[in-house]
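Reading through the structure tokens given below for one structure.
FYI, it's all coordinate maths here, none of it is from the lab. Treat the numbers as computed from the prediction; the structure is a model and nothing was measured. Virtual Cβ from ideal backbone geometry, glycine too; neighbours counted across all protein chains shown.
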């Protein structure tokens, strides 16, 4: 760990006052947990019905749109990753306000299911940051002026990249990986200088561990308050770490994500009160433990561990005491008790695999599958109750954004704004 700047001063929750209450300024929303404060949201739509506007993009991408201070931001790549672009749209009209493109060597490694520009940008109402992996981290103002940029290293993996930055209280927090070198870093939002960085030790070459199994984490960290102290919680390939936001010190760690198919983590941890639930990738283990303490808390704090699970890529949400998941194979909706790991119910999805994360908004759960179909269902621990099926008939691996009564969807062809008539 290296500390390269001054102390981190905390002020109002979620940082700058420019963040509006109805914004969706980052991956999985204003708190990074998939929960929207919206009281109303569209229930029914398709590719034409209840569409306020659509902005065409030149290709597919697994990143999600965000909404901040009258702007909608999305990313897309061209030329085999040689051009990586941040698009800024007017949220009222969907028209292009500006775009900024970063050049990089075409053909860098990724997987066909994970096109370049898999990272969702983050904004605070005045600035927007976007991570282009080995091409660097960039910060722009809302007029498109580049404020700063940082080259954080080479992060090369056979499956590509997808971690998203988090803006919190004047800092940009970024889990840089996967690759031969993995680190968690904090940068000053004003000028991009490094406050601290903490490397994660790896058991392997970045692609595979020493046992020859796949390895890597694509986890976007979340902020949690534990015993009155805020920490940044992130699933690494084999364990879950809690980082002190001032210094980058690992306050506590819980092992248990290593599975039979490798050391993998795709989903973000789910904070369920005092319990953290973390899910391994490639049908790997799921663990539940109470947060708190110091050092390795695996033995003292673990509540349960389930070894075999569905393939989980998107993240779940915690609503009224229960966790809800939309899985990627088998394509299953689930309700889980975070206290003991008990499966309350599961229901086979009538659609495709879910790579995007679930969102709770307007008292309902929204999950978009790879066919672009969004299923809306009740947060009910007793049974699965489907409320609506909204078909777009376009490929999508993204998570919808909710803002001021509207829904913003990313598909393989563009960004849609959905609203009630």
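At full extension, residue 193 and residue 69 could sit 42.1 nm farther apart than now, given 0.36 nm per residue minus the alpha carbon distance. Cα centroids of the stretch 329-393 and the stretch 204-239: 25 Å apart.
The gain in end-to-end length when the residue 404 to residue 382 segment is fully stretched comes to 4.9 nm, 0.36 nm per residue minus the alpha carbon separation. Here the Gaussian network model covers the chain, with springs between Cα atoms less than 10 Å apart; of 357, 134, 268, 134 fluctuates the most. In whole angstrom, the stretch 147-206 maps to an equivalent ellipsoid with semi-axes of 22, 12, 10, each derived as √(5λ) from the alpha carbon gyration tensor and ordered largest first. In the stretch 288-325, which residues have a backbone nitrogen under 16 Å from the label point lying 7 Å from residue 244's Cα in the Cα-to-Cβ direction? The answer is 292-296, whose backbone nitrogens lie closer than 16 Å to the label point.
Based on alpha-carbon centroids, what's the gap between the stretch 160-181 and the stretch 101-116 in Å, whole number please? So the separation of the two Cα centres works out to 17 Å. Per residue, the convex hull around the alpha carbon atoms of the stretch 367-421 comes to 96 Å³.
Computed on the stretch 2-419, with alpha-carbon pairs under 8 angstrom and 6+ residues apart, the relative contact order is 16 percent.
Each of 411, 113 has some number of other Cβ atoms within 10 Å of its Cβ, and from fewest to most they run 113, 411. Cα convex hull, the stretch 263-302: 74 Å³ per residue, rounded to a whole number.
With the largest listed first and rounded to whole Å, the semi-axes of the equivalent ellipsoid of the stretch 172-274 from the Cα gyration tensor are 24, 17, 10. Note: relative contact order over the stretch 277-421, using C-alpha pairs below 8 Å and six or more positions apart, is 14 percent.
List 218, 24 from most exposed to least, where exposure is judged by having the fewest other Cβ atoms within 10 Å.
Values: 218 26, 24 30.
The order, fewest Cβ neighbours first, is 218, 24.
In terms of Cα atoms, the Rg and Dmax of the stretch 326-385 work out to 11.2, 33 Å.
Calculate the tail of P(r) for the chain: the fraction of all Cα-Cα distances greater than 28 Å, expressed in %.
On the way: 37427 of 88410 pairs.
Above the 28 Å cut-off, the chain has 42 percent of its Cα pairs.
Take the Cα of residue 210, step 7 Å toward its Cβ, do the same at residue 181, and the gap between the two points is 2.2 nm. Rounded to the nearest Å, what's the spacing between the alpha carbon centres of the stretch 259-310 and the stretch 28-86? Just the number, please. Answer, in whole Å: 29. Size descriptors for the stretch 266-421 (Cα atoms only): Rg and Dmax, in that order, 15.9, 54 Å.
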